[in-house]
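Scroll down for the structure; my scribbles are underneath it.
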Amino acid sequence: LRDNDISYVKHEMEVQVDSSGAEIVHVSKDDAAFILGKGGRTKKKISTVSGASVELRERASTVEIRGPQEARMRARKYIACVRAQRTGPVYVDPVKDDAGDLTIIKVPYDCVGFVTGVAGNFLRQCEEEWNTLMFFTEVGTGQRSRRFERLAIFGAAFGRRGAELKVMAAIEKKIPGFFTEAVEDFVDNEDWGTDNVCLSPDELSYALGKEGSTKRKIAKASGCIVEYVGYVAYLSGMWVARKRAREYLSWLQSHLSPNRSNAIKIDVEDREDATYIDVPVSAIGYITGDRRATLSKIEQDWSVLMFFVKTQTPAKEGAERLGIFGAPRGRRGAELKIMGAVEAKIPGYFTDSMEIGVCEDEWGTCTIKLHGDEISFALGRQGATRRKLAKASGCIIEYVGGVAFCSGHIDERRRARDYLGWLLAQMKGDVHVADVNRPDLLVLDLPDACVTFVAGQNGQSLRAIEADSGTFCFIDRDGRGTQRLIVCSNDVKCRRNAESIIRDLVAMQRSHPGAVEDYAYQRSRRREERKVHREGRGGGPKGKGKGYGKGRPAPESSGSSSSEDSSDDSASDTNSEAAGGGKKRWDSYEND
């Protein structure tokens, strides 16, 4: 810090502000470890909830806070609470410490352990799910004979309400009727509020779903917080979202009615949250699946709800109308998934009369005709290649018969068309990209001796790198002997992850030529090691625990989870900046 830097005390901490505007908080080594948390989770939560950039310098025992003034104030407050939690009780003033980011809920003393969970696991799960910070607080004399403990929840209003309802549900489970004994059906007319819907035991079981899956689908499709406290559904959020959640719940309730029909009647066809598609009667069983398993899987993947409905305009002859409810992106993804399934059952149903072309609207769909082996090549094993292109481009990509549908914003569709074109060009020979000066590309000039090693046998290592980083990669050759590796992704973090993996591989190969396993083999070996650890330490299908114990650390991860193992077809909406794009010579790595 320079001589003209400012020093002051906030939240019982000495804080210095350097000339760049960063606030420097000096902490002890024990505090530093506590603020960092396991795997850096606590520091990350403080940064996420406060909206400030929080960096911990362990060697100097300092915390650097950057961002807008209000975000920095929140970060200081949360750091003070974390430090206080390490040494004793956390004191929170309901007035002075509430900057529009505080909710306090009374927890019966008998439920404190239940709400906290083993080693605080329940509270940590609530924090991660709702992007909040939660502390049990001490007020007044701190006598332990009081009937309640106060739980402070810090964060945005939406997240605080979700975490609060989660805690209420836990208390209600421990003490039935604590919150709901006198609760009746209620509709709040305020823009932001909470509605109550009372459910019967059968309705609750149906609306909850297996492991809470139906509840989560209602919440995601409506954009509303949905939590079941006892036999009461609490719906919190904006009025429009609550209205949708009430309707979705009522439709689920109608399925349990003894006089129900197979289809739900929809009075309004031009709903903003609905997409309708006519499904041939002969394909209904195919797209529904055994006990609705196929539809449920699509609902889960795209965060939508789907029902067969009756609208004012009848469906086509020989078809029934399927209603898809949720956000526009999720509805479009689910609709294309249904179209693909119907097309597989009845070839040509959608594509025989379809026009192939490029859409120039801001939001829309482009169609590309695939021929012969191009379909299987662009699909990949169990759809891995299609998911890879969708993830990297940020676009919804689905194949309906022999037609590729690319849906999303115009930039997403352009990336999807380019990536698909470069992929299909590999079937004919070498691929060359003339213009690499674009923000979604990272170009690496690899030493010739490393190209084969990075690609692996039949390109398996490159495919593994793509899966672990969420990118699309290929070797670019210009026909004159020059070759380079191009990493494609709309997300700068994914590109940097792929670069890091490749850089480590090349460094190992240079240090131990001919003695380093390719990346695909390393990845397979790590999976086997994890499996052995889980089975050997009680983490298998019938065991308990995480599979690791003292003196036996978990194997290190080399990137994000594999897209090949994921069943989530939804594409990332992240818009990358120009950072990370362009060309980077391999010689620069010597100086990094």
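The values are calculated or read from the model by the stated rules, or taken from the named source; none is laboratory data. The shown structure was predicted, so the numbers you read here are calculated from the model rather than taken from an experiment. Positions of Cβ are generated from backbone atoms using ideal geometry, with glycine treated the same way; all protein chains shown enter the neighbour counts. These accessible areas exclude ligands, DNA and RNA; they are computed on the full protein's heavy atoms, side chains included. Shrake-Rupley method; radii C 1.70, N 1.55, O 1.52, S 1.80 Å.
Applied to the range 160-165, the Karplus parametrisation 6.51 cos²θ - 1.76 cosθ + 1.60 on θ = phi - 60° returns per-residue 3J(HN,Hα) values of 4, 5, x, 5, 4, 5 Hz, with x for Gly and Pro. Taking amide H as placed 1.01 Å from N in the peptide plane, the amide H of F136 sits under 5 Å from that of A152, each at least 5 places away or on another chain.
Amide hydrogen proximity for V403: with H placed 1.01 Å from N in the peptide plane, the residues at 5 or more positions away or on another chain lying under 5 Å are L370. Number of Lys-Lys pairs in the range 179-331 with C-alpha atoms under 15 Å apart and a separation of 8 or more places or on different chains: 6.
Could you tell me the calculated FRET efficiency between D411 and F377, based on Cβ-Cβ distance and R0 = 22 angstrom, to the nearest 0.05? Display every interim value, and only then the final one.
Numbers: r = 25 Å, r/R0 = 1.14.
With R0 = 22 Å, the Cβ-Cβ based efficiency is 0.30.
Each Lys or Arg adds one and each Asp or Glu subtracts one; over the other residues with Cβ under 12 Å from the Cβ of G230, this totals -1.
Between the C-alpha center of the range 299-370 and that of the range 210-254 there is a gap of 25 Å. Across q = 0.12 Å⁻¹, the range 290-381 modelled as identical point scatterers on its alpha-carbon atoms has Debye log10 I(q)/I(0) values of -0.49, in the order of the q list.
Note on exposure: L256, L36, L249 ranked by accessible area (1.4 Å probe, complete protein assembly) read L256, L36, L249, with the most exposed listed first. Distances between placed amide hydrogens fall under 5 Å for V15 paired with Y8, V9, K10, all partners being 5 or more residues away or on another chain.
Exposure check, 1.4 Å probe, all protein chains in place: D278 carries approximately 20 Å² of accessible surface.
Want the number for R438 to V358: 0.36 nm per residue separation, take away the alpha-carbon distance, what's left?
26.7 nm
I need the peptides 317-326, 333-342 ranked by packing, meaning the mean over residues of other C-beta atoms within 10 angstrom, with the highest value on top. Let's see the in-between values first.
Numbers: 317-326: 20.1, 333-342: 23.3.
Going by the mean number of other Cβ atoms within 10 Å, highest first, we get 333-342, 317-326.
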